[in-house]
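Engineer: Input: one structure, supplied below.
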Amino acid sequence: MVEHPLIEKWASQIASITLGACKSEGGSRSKILNIGGQNTLPLLFKEGKIPNPPRIAFEVWDQAPGDWPVELVNALGKNILDPFKWAEYCVKECQAELLCVKLVSFHPDYGNKQPELAGKFIKDLLKRVEVPLIIIGCGDHAVDNSILPIVSEAAKGERCLIGSALQDNYKTLVASVLADGHSIVAESPIDVNIAKQLNILISDMGLSLERIVINPTIGALGYGLEYAYSIMERARLAALSGDKTLACPFICFAGQEAWRANEAKLSPQHGIIWETITASALIQAGADILVIRHPSAAEKLNKHIKNLFS
Amino acid sequence: MFIIGELINGMYPVIAKAIIDKDKAVIQQYALKQVACGASALDINCGPASRQPLIDMPWLIETVQDVTNLTLCLDSSKISVIEAGLKAAKNKTIINSTTADKDKLNIIIPLALKYNSSLIGLAMSAKGIPQNKDQRLELAAEIITACLESGFPVENLYLDPILMPVNVAQAQLKDILESIHEFKFISQPSPKTVVGLSNISQGTNSRNLINRSFLTMAIAYGLDSAILDPLDNQLLDALITAELIMNKNIYCASYLDAYRKK
């Protein structure tokens with residue numbers, strides 16, 4: 001008897017988003033990256049097309065983090081003291097193709113820098129590295145509403161990914177991103193209903209669903225990873241079945257969550273393992289961008305992705 | 001839910017007049033209004049008063065597909081009128097409809113195959129309208145068998161259990177609901193199911209309420225598609241909410257608007 005494999009066919013596909021703009025397009029990046037565009041579940045290569053592998057973004061802060069585990073600080077060395085050197089180290093030494101810059105120093109509790117300085121910082125950073133940028137605010141709503149419009153304008157035409165838009169704080173950022181040609185990170189608290197609602201609110205303001213990347217919020221291995229996985233899976237199944245409001249790529253802050261785990265601090269190797277395992281599970285769940293902290297974890301993940309996609 | 005908008009039908013005086021006057025604007029306005037309210041397809045019926053359906057049907061098809069690329073549901077009991085519509089159609093089509101009678105199936109299934117059209121099969125025959133669930137299932141099975149024998153893909157077949165008015169055949173409605181569920185088990189892949197919703201409330205004075213109550217229940221029995229008035233806002237709200245409860249869509253605060261926009 002001939003066996004016919006059951007091949008699932010989906011009605012829809014995930015939006016394809018370009019990060020970065022080359023000189024010919026009005027930006028200054030040497031290379032651009034595409035994410036999303038798949039019309040099947042993660043890694044089911046026989047069931048559809050998956051034009052882009054998951055991308056690793058190296059997390060860089062605009063000031064030295066005060067509370068990172070020793071292993072992380074040691075791995076990054078003195079670079080961590082200067083955000084530009086840190087960014088250059090990631091690109092030149094670790095072959096980062098994407099950076100995720102967090103503007104921590106503007107937070108009232110961690111530096112309280114003047115909002116006006118944010119524009120210059122981003123302009124300088126764009127001169128020092130030529131990879132596409134993800135730019136994330138400090139997490140304080142009021143401060144982010146003053147610095148992110150400045151940052152967005154400073155990076156106008158560079159097609160960055162800027163975040164984060166939240167259900168109760170999205171209008172200012174959406175307006176800026178819309179005006180300056182960037183894409184947006186829409187963050188929801190491990191809640192598919194809010195993820196969908198926020199995407200609708202953002203698209204109602206005129207920003208296309210094809211310029212939204214969902215941050216579903218994730219938990220590390222042992223800290224809610226399965227729940228995050230199920231939320232991502234549910235959103236992806238709905239998206240592929242035709243729900244355009246959820247058909248956006250995912251960004252997952254795997255490094256941030258993994259290094260918070262107690263187990264990550266048990267030995268120098270534990271943290272790297274925790275970050276790598278957390279991120280590789282998120283690849284299975286459908287992550288399109290993984291924001292990673294440790295260069296060795298990034299290296300392992302890039303190898304893993306290469307194996308999966310070859 | 002695959003919503004087939006019912007409003008372009010010559011039994012409505014405004015449409016009948018537009019057909020006689022060849023007033024494209026009126027037809028197109030009705031097409032676009034239904035699209036805006038969430039229709040997935042549009043039923044096209046010249047109506048009983050049309051004296052020249054072989055001309056009116058293609059004219060309606062051309063008029064509607066000038067403004068939308070939605071699927072068109074060619075609604076006529078006359079095979080020649082359906083074929084005239086199929087010839088004119090560039091959009092996807094559904095033939096509405098065939099009965100379970102062999103002589104009719106032998107003509108309409110090849111026609112559907114020739115024009116790559118979907119097909120609505122009514123669970124009734126020249127003998128009349130079935131009186132219970134078993135008769136409905138038997139007629140449905142005859143239609144499915146004819147499709148399988150001709151190589152017509154069953155997933156493109158929409159089976160209609162024949163919805164009866166509540167004031168005529170109240171005792172049959174539970175059987176009709178169960179038929180919607182059980183049609184799915186006749187073959188693998190399953191056929192789709194459809195009802196002409198407004199039949200249920202013919203001659204009653206609470207038409208909208210009866211329509212939306214039945215639709216909600218039919219969705220719970222797994223109904224795939226309905227021919228209905230998409231401009232009835234409360235009906236659409238009930239439909240969307242029933243599908244939400246069946247876990248067909250993901251909830252969000254503005255789920256009613258989100259559904260209509262997609």
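The values are calculated or read from the model by the stated rules, or taken from the named source; none is laboratory data. What you are looking at is a predicted structure, and each value in this text was computed from that prediction instead of being measured. Cβ placement follows ideal geometry from the backbone for every residue including glycine, while neighbour counts extend to all protein chains displayed.
Let's see how each residue does on (1) touching a Pro at 6+ places or on another chain (Cβ under 6 Å); (2) acidic (D, E):
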site	(1), (2)
B:F185	no, no
B:P189	no, no
B:K192	no, no
B:Q202	yes, no
B:N211	no, no
B:M217	no, no
B:D229	no, yes
B:L256	no, no
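Engineer: Out of A:E257, A:E226, A:E210, report the one residue that is under 27 Å from A:G77 (Cα atoms) and away from chain B (no Cβ under 14 Å). Spell out how you get there, then give the answer.
Structural biologist: Numbers: A:E226 fails: under 27 Å from A:G77 (Cα atoms); A:E210 fails: under 27 Å from A:G77 (Cα atoms).
Result: A:E257 is the single residue among A:E257, A:E226, A:E210 that is under 27 Å from A:G77 (Cα atoms) and away from chain B (no Cβ under 14 Å).
Engineer: Sticking with this structure for a sec: For segment A:286-305, what are the residues that are part of a helix (DSSP H, G or I) and either of a type in the set (F, W, Y) or in contact (Cβ under 8 Å) with a residue 60 or more places away in the chain (or both)?
Structural biologist: Let us first name the residues in segment A:286-305 that are part of a helix (DSSP H, G or I), namely A:295-305.
Across segment A:286-305, the qualifying residues are A:P295, A:S296, A:A298, A:E299, A:L301, A:N302, A:I305.
Engineer: Of the residues that sit in segment A:262-287 and are surrounded by fewer than 20 Cβ atoms within 10 Å (Cβ to Cβ) and closer than 21 Å to A:P216 by Cβ, which one is farthest from the other protein chains (Cβ to nearest Cβ)? Lay out the reasoning, then the answer.
Structural biologist: Step one: filter segment A:262-287 for residues surrounded by fewer than 20 Cβ atoms within 10 Å (Cβ to Cβ), giving A:262-263, A:265-270, A:273, A:277, A:281, A:284.
Now narrow it down to the ones that are closer than 21 Å to A:P216 by Cβ: A:277, A:281, A:284.
Working: A:I277: 28, A:A281: 22, A:Q284: 21 Å.
Taking the candidates together, the pick is A:I277.
Engineer: While we're on this one: Among the residues of segment A:234-252, what is the count of those that are in contact with a Gly (Cβ under 9 Å, 6 or more places away or on another chain) and at the interface with chain B (Cβ under 7 Å from one of its Cβ atoms)?
Structural biologist: Residues in segment A:234-252 being in contact with a Gly (Cβ under 9 Å, 6 or more places away or on another chain) and at the interface with chain B (Cβ under 7 Å from one of its Cβ atoms): 0 in total.
Engineer: Scan segment A:262-278 and give yes if some residue there is out of contact with any His (no Cβ under 7 Å at 6 or more places or on another chain) and closer than 24 Å to A:I162 by Cβ, otherwise no. Full working, then the answer.
Structural biologist: Step one: filter segment A:262-278 for residues out of contact with any His (no Cβ under 7 Å at 6 or more places or on another chain), giving A:262, A:265-270, A:273-274, A:276-278.
Among the residues that remain, those that are also closer than 24 Å to A:I162 by Cβ are: none.
No, segment A:262-278 has no match at all.
Engineer: Sticking with this structure for a sec: Report, by residue number, each residue of segment A:132-176 that is touching an Asp or Glu at 6+ places or on another chain (Cβ under 6 Å) and aliphatic (A, V, I, L, M).
Structural biologist: Hit for segment A:132-176 is A:L166, nothing else.
Engineer: Right, next: Does segment A:268-276 contain at least one residue that is over 16 Å from the mean Cα position of the chain (by Cα) and farther than 14 Å from A:L72 by Cβ? Before you say what the answer is, go through the steps one by one.
Structural biologist: The initial filter retains those residues of segment A:268-276 that are over 16 Å from the mean Cα position of the chain (by Cα), namely A:268-274.
Retained after the next criterion (residues that are farther than 14 Å from A:L72 by Cβ): none.
Taking every residue of segment A:268-276 in turn, none turns out to be over 16 Å from the mean Cα position of the chain (by Cα) and farther than 14 Å from A:L72 by Cβ.
Engineer: Same structure again: Could you say whether any residue in segment B:249-257 is within 22 Å of B:Y30 (Cα to Cα), within 12 Å of chain A (Cβ to nearest Cβ) and out of contact with any His (no Cβ under 7 Å at 6 or more places or on another chain)?
Structural biologist: Among the residues of segment B:249-257, at least one is within 22 Å of B:Y30 (Cα to Cα), within 12 Å of chain A (Cβ to nearest Cβ) and out of contact with any His (no Cβ under 7 Å at 6 or more places or on another chain), which makes the answer yes.
Engineer: Does at least one position in segment A:43-56 carry a residue that is in a loop (DSSP other than H, G, I, E, B) and of a type in the set (V, I, T)? Steps first, answer last, please.
Structural biologist: Going through segment A:43-56, the residues in a loop (DSSP other than H, G, I, E, B) turn out to be A:43-54.
Restricting the remaining residues to those that are of a type in the set (V, I, T) gives A:50.
Scanning segment A:43-56 turns up at least one residue that is in a loop (DSSP other than H, G, I, E, B) and of a type in the set (V, I, T).
Engineer: Then there is this: Within segment B:167-184, how many residues are more than 12 Å from B:K133 (Cα to Cα) and under 19 Å from the mean Cα position of the chain (by Cα)?
Structural biologist: Filtering segment B:167-184 for residues more than 12 Å from B:K133 (Cα to Cα) gives B:167-170, B:184.
Restricting the remaining residues to those that are under 19 Å from the mean Cα position of the chain (by Cα) gives B:184.
Residues flagged as more than 12 Å from B:K133 (Cα to Cα) and under 19 Å from the mean Cα position of the chain (by Cα) within segment B:167-184 amount to 1.
Engineer: Looking at segment B:145-262, what strands (runs of 3 or more DSSP E) fall wholly within it and have at least 2 residues that are without any contact (Cβ under 8 Å) to a residue 60 or more places away in the chain?
Structural biologist: Working: elements: B:157-160, B:192-196, B:225-228.
Answer list for segment B:145-262: B:157-160, B:192-196.
Engineer: Next question. Taking A:K85 as the residue in question, decide whether it is crowded, with 21+ Cβ neighbours inside 10 Å and among the basic types (K, R).
Structural biologist: So A:K85 fails the test.
Engineer: Those residues that are more than 24 Å from A:I35 (Cα to Cα) and surrounded by fewer than 22 Cβ atoms within 10 Å (Cβ to Cβ), I need them from segment A:90-115; list them, please. Please lay out each step first, then the result.
Structural biologist: Step one: list which residues in segment A:90-115 are more than 24 Å from A:I35 (Cα to Cα), which gives A:104-115.
Answer for segment A:90-115, where residues must be more than 24 Å from A:I35 (Cα to Cα) and surrounded by fewer than 22 Cβ atoms within 10 Å (Cβ to Cβ): A:V104, A:S105, A:H107, A:P108, A:D109, A:Y110, A:G111, A:N112, A:K113, A:Q114, A:P115.
Engineer: Taking segment B:17-35, which residues are free of Cβ contacts under 8 Å to residues at least 60 places away in the same chain and either within 20 Å of the chain's Cα centre (by Cα) or outside any helix (DSSP H, G or I) (or both)? Working first, answer last.
Structural biologist: Initial filter on segment B:17-35 (free of Cβ contacts under 8 Å to residues at least 60 places away in the same chain): B:17-32, B:35.
B:K22, B:D23, B:I27, B:Q28, B:Y30, B:A31, B:L32, B:V35 - these are the residues of segment B:17-35 that are free of Cβ contacts under 8 Å to residues at least 60 places away in the same chain and either within 20 Å of the chain's Cα centre (by Cα) or outside any helix (DSSP H, G or I) (or both).
Engineer: Next question. So, of the residues in segment A:1-37 that are at positive phi and touching a Cys at 6+ places or on another chain (Cβ under 9 Å), which turns out to be surrounded by the fewest Cβ atoms within 10 Å (Cβ to Cβ)?
Structural biologist: A:G36
Engineer: Still on this structure: Consider segment A:188-241. How many of its residues are among the β-branched types (V, I, T) and out of contact with any strand residue (DSSP E or B) (no Cβ under 7 Å at 6 or more places or on another chain)? I'd like the intermediate steps shown before the answer.
Structural biologist: Our first condition is that a residue be among the β-branched types (V, I, T); within segment A:188-241, this holds for A:190, A:192, A:194, A:200, A:202, A:212-214, A:217-218, A:231.
Then drop every residue that is not out of contact with any strand residue (DSSP E or B) (no Cβ under 7 Å at 6 or more places or on another chain), which leaves A:190, A:192, A:194, A:200, A:231.
The total comes to 5.
Engineer: Related question: Within the bounds of segment B:234-241, is there any residue that is under 18 Å from the mean Cα position of the chain (by Cα), closer than 11 Å to B:M1 by Cα and more than 14 Å from chain A (Cβ to nearest Cβ)?
Structural biologist: yes
Engineer: If B:K90 passes every condition in (1) surrounded by 16 or more Cβ atoms within 10 Å (Cβ to Cβ); (2) not in a helix (DSSP H, G or I) but one, which one does it miss?
Structural biologist: Status for B:K90: all satisfied but (1).
Engineer: State whether one or more residues within segment A:156-172 are surrounded by 23 or more Cβ atoms within 10 Å (Cβ to Cβ), modelled with pLDDT of 95 or more and among the β-branched types (V, I, T).
Structural biologist: Within segment A:156-172, one or more residues are surrounded by 23 or more Cβ atoms within 10 Å (Cβ to Cβ), modelled with pLDDT of 95 or more and among the β-branched types (V, I, T).
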